[in-house]
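A.B. asks: Sharing a structure here in structure tokens format.
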Amino acid sequence: MMPDDFDEDRLTEEALAEYHEFEEWHGDRVCSCHISPPCSYCTHPGNPMNLIEDDGAWQKAEPDIMASIREAARKP
Ligand SMILES: [Zn+2]
């Protein structure tokens with residue numbers, strides 16, 4: 001299940017690579033914490049749940065927004 005505020009477009013390049021790696025890797029794997037917690041599914045750095053917790057995985061959106069506002073204001 002994908003967390004609601006997970007926005008792939010805002011990930012840093014590095015985090016996005018981790019995420020794609022996770023997607024490729026996990027295939028039809030699911031959480032197996034009931035067998036041996038924490039499982040490799042939950043601890044994978046590209047798991048959206050982990051990316052959400054990792055502030056370093058996200059681009060700072062604000063400067064970009066400000067830049068595009070300035071950009072838009074410059075246009076006639
Ligand atoms: Zn798990």
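Each value in this text was obtained by applying a stated rule to the coordinates, not by laboratory testing. Treat the numbers as computed from the prediction; the structure is a model and nothing was measured. So basically every Cβ, Gly included, is an ideal-geometry build from the backbone, and we count neighbours across all protein chains shown.
A.B. asks: Out of all the residues in region 16-45, which are buried (at least 16 other Cβ atoms within 10 Å of the Cβ) and more than 14 Å from the ligand (Cβ to nearest atom)?
C.D. replies: Leu16, Glu18, Tyr19
A.B. asks: Of (1) of a type in the set (D, E, K, R); (2) surrounded by 10 or more Cβ atoms within 10 Å (Cβ to Cβ); (3) in a helix (DSSP H, G or I), Glu71 satisfies all except one. Which?
C.D. replies: (2)
A.B. asks: I've got another one for you. Condition test on Glu14, is it out of contact with any helix residue (DSSP H, G or I) (no Cβ under 6 Å at 6 or more places or on another chain) and closer than 22 Å to Asp4 by Cβ?
C.D. replies: Working: out of contact with any helix residue (DSSP H, G or I) (no Cβ under 6 Å at 6 or more places or on another chain): yes; closer than 22 Å to Asp4 by Cβ: no.
It is false that Glu14 is out of contact with any helix residue (DSSP H, G or I) (no Cβ under 6 Å at 6 or more places or on another chain) and closer than 22 Å to Asp4 by Cβ.
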